[in-house]
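Before any comments, here is the structure.
None of the figures in this text is laboratory data; all of them are computed from the coordinates on show. These numbers were taken from a predicted model, which means no experiment stands behind them. Counting neighbours? That spans all protein chains shown, and the Cβs are built from the backbone with ideal geometry, glycine included.
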Amino acid sequence: NISSFNTEKVENMQNMFGYCKRITEIDSSSFDTRNVSDFSHMFRNCESIRQINVQSFDTSNATTFESMFCECKMLESVDVRHFNVSKVLYLQNMFRSCPKIKEIHVDSWKLHPKAVYGEFMDSDSRINGVFWKKFLKEAQQ
């Protein structure tokens, strides 16, 4: 049970649950993330997890989501539509090797003009039914 974690002063959540291969669910809804800038590898290689609740995350100070959900092979859904990505510079591999995810809702995202997003996700995944390359063109306008 992680509901009692005090994350009020945390600035770096890099690898917090990374490589926890046997965890099947994480409810991080009680986390205070307003001061967090680094979310890289936070859930990386959590191979057994099917859902992750990040709906309460305040990402207004985030600068990196690199490999945040990378290699979560059983992950079926995660709602990131509310993420504030205006300061995020590193998005590469965020959803790479997540074969169960078929759709990611990021239609409200406005990417930083210098954002690095190589291999954000696997080529067969879709974002709101729109292929990733088309999304990038629209998001940076």
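Only the Cβ atoms of Lys and Arg (+1) and of Asp and Glu (-1) were treated as charged; on that basis the dipole of region 54-121 about its Cα centre amounts to roughly 120 debye. What does the charge count around Val10 come to, taking other residues whose C-beta lies under 14 Å from its C-beta (Lys +1, Arg +1, Asp -1, Glu -1)? Neighbourhood net charge equals -3. Computed FRET efficiency, Cβ-Cβ of Lys102 and Asp27, R0 22 Å: what is it to the nearest 0.05? Step by step, r from the Cβ atoms, then E = 0.45.
The region of the chain that goes longest without hitting one of the chymotrypsin sites (Phe, Trp or Tyr not before Pro) in a DSSP loop, each with at most 16 other Cβ atoms within 10 Å, is 20-130.
Extension gain for Asn35-His112 works out to 25.8 nm (0.36 nm per residue, less the C-alpha to C-alpha distance). In the set (i) -0.68, -1.01, -1.40; (ii) -0.79, -1.12, -1.43; (iii) -0.81, -1.05, -1.25, the label that goes with log10 I(q)/I(0) by the Debye sum over Cα atoms at q = 0.15, 0.18, 0.21 Å⁻¹ computed for this structure is (i). For region 22-58 and region 59-112, what is the centre-to-centre distance using only Cα atoms, to the nearest Å? Spelled out, the Cα-based centre of one part sits 11 Å from the other. Other residues with beta-carbon under 13 Å from the beta-carbon of Leu75 carry, at +1 per Lys or Arg and -1 per Asp or Glu, a net charge of 0.
About the centre of its Cα atoms, the chain shows a dipole size close to 360 debye [charges on the beta carbon of Lys, Arg (+1) and Asp, Glu (-1) only; nearest 20 debye].
Under a 5 Å amide H cut-off, with hydrogens placed 1.01 Å from N, Ile52 pairs with Ser77 among residues at least 5 apart or on other chains.
Under 10 Å from the Cβ of Lys21, count the other residues' Cβ atoms, weight Lys and Arg +1, Asp and Glu -1, and hand me the total. Net charge around Lys21: 0. For the cross-link pairs Lys21/Lys100; Lys87/Lys110; Lys73/Lys110; Lys21/Lys110, the ones whose C-alpha atoms lie over 21 Å apart are Lys73/Lys110; Lys21/Lys110.
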